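What follows draws every value from the coordinates through simple rules; no lab data is involved. What you see is a predicted model; the values in this text were computed from it and never measured. A quick note on method: Cβ atoms are made from the backbone with ideal geometry, for glycine too, and the neighbour counts reach across all protein chains shown.
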Amino acid sequence: MARRTKVYEGKAKVLYEGPEPGTLVQYFKDDATAFNAEKHQIIDGKGVLNNRLSEFFMTGLNAIGVPTHFIRRINMREQLIRAVEMIPIEVVVRNVAAGSLSKRLGIEEGTALPRPIVEFYYKDDSLGDPLVSEEHIIAFGWASQQDLDDMVALALRVNDFLSGVMMGVGIKLVDFKIEIGRVWEGDFQRLIIADEISPDSCRLWDAATGRKLDKDVFRRDLGDLSDAYTEVARRLGVMPRNSANIAKPTLIN
Ligand code: TMP
């Protein structure tokens, strides 16, 4: 069978050439990695869940006028997306102290932050994605001041949207990471949300119990990652049909 041309393979996704110019097919793998891929495991069904969840969040963002790369879902593991020129920066927004912020600044995990904090990390696995400032980003030409202003505005809109959606299903959005790309429309460039938005790239805590429902379950060995993601999908009403994650087999007496 003729196989599509692979354009890029990352730790959790593969990109193939799309059916039309300016499009790509994004395939979600079952691989979970942490600590720059030092820790790696296959989690059955994770790709299916993240494909669905990223579709859900990106569709919602598109609907409220926050532009994303998402065009449509193709099947259980693949979605059609717009090809973008990726900006090599991870934009993190934090509402509650956790993870590397807690570690770096000695702020106890779970401490509410006085305002959302936006941080930038330079995407380079060989350097371990270091924290960088706006000064670095502009000086090294990774993005312009105008890009940065647009990136912060986009990230804060995503924060408001995701926080509201998650709070509606009893989940606190602690923090998240997005990646942003450029698209060209004639002579104009526009920034849009790319990559994925899923429990791989967010911290999600049950609002009542504090139970972690994100990739920290895997990073910190807290239990079954697929159960956590399935719970997020179930609460949002985006349970995939025909998925191994719908229900475990039960004995019928
Ligand atoms: P951090 O506290 O480890 O810096 O993570 C902040 C947020 O970014 C958290 O929601 C997890 C997400 N994240 C990624 O999506 N990819 C990464 O490689 C890292 C380190 C964090």
Exercise. Starting from the stretch 124-226, pick out the GluC sites (Glu not before Pro) whose DSSP state is loop and whose Cβ has at most 10 other Cβ atoms within 10 Å.
Key: none
Quiz item: For the stretch 22-32, in order, what is each residue's ³J(HN,Hα) by Karplus, 6.51 cos²θ - 1.76 cosθ + 1.60 with θ = phi - 60°, in whole Hz (x at glycine and Pro)?
Solution: x, 10, 9, 9, 9, 9, 9, 7, 8, 6, 10
Quiz item: Tell me, in nm to one decimal, what length is gained between ASP124 and HIS136 on full extension, where the rule is 0.36 nm per residue of separation less the Cα-Cα distance?
Solution: 2.9 nm
Self-check item: Gaussian network model of the chain, springs between alpha carbon atoms under 10 Å - residue of LEU105, LEU15, LEU225 with greatest fluctuation
Solution: LEU105
Exercise. With just the Cα atoms of the stretch 126-208, tell me how far they stretch along each of the three principal axes, in Å, largest first.
Key: 46, 34, 19
Quiz item: Once you sort the root eigenvalues of the Cα gyration tensor of the stretch 80-122 as a ≥ b ≥ c, which label holds: rounded (a/c under 1.5), prolate (a/b larger than b/c) or oblate (the other case)?
Solution: prolate
Exercise. Give LYS6/LYS177; LYS13/LYS39; LYS29/LYS215; LYS13/LYS123; LYS13/LYS103; LYS11/LYS177 a once-over and call out the pairs whose C-alpha atoms are over 20 Å from each other.
Key: LYS6/LYS177; LYS13/LYS103
Quiz prompt | Charge dipole of the chain about the Cα centre (unit charges at C-beta), most positive-ward option of VAL217, ILE180, SER201 | solution = VAL217
Self-check item: In nm, spacing of pseudo-spin labels at GLU85 and SER100 (7 Å Cα→C-beta vector)
Solution: 2.6
Practice problem: Figure the gain on full extension for HIS40 and LYS11 (residue separation times 0.36 nm, minus the Cα-Cα span) and round it to one decimal in nm. | Solution: 9.5 nm
Quiz item: So what is Rg over Rh here for the chain, counting just Cα atoms and using Kirkwood for Rh?
Solution: 0.96
Quiz prompt | Eligible aspartates and glutamates near LYS212 by straight Cα distance, threshold 18 Å, same-chain separation 8 or greater | solution = GLU108, GLU109, ASP175, ASP200, ASP221, ASP224, ASP227, GLU231
Practice problem: Using a 10 angstrom cutoff on alpha carbons, build the Gaussian network for the chain and name the most mobile of GLU20, GLU55, GLU90. | Solution: GLU20
Self-check item: Among ALA228, VAL152, MET167 - extreme Cα towards positive end, dipole of the chain, charges at beta-carbon
Solution: ALA228
Quiz item: Pick from TYR121, TYR27, TYR229: which is most flexible by mean-square fluctuation in a GNM of the chain where alpha carbon atoms under 10 Å apart are linked?
Solution: TYR121
Practice problem: Name the long-range amide H neighbours of ARG203: under 5 Å, sequence gap of 5 or more, or other chain; modelled H, no Pro or chain starts. | Solution: VAL174, ASP175, PHE176
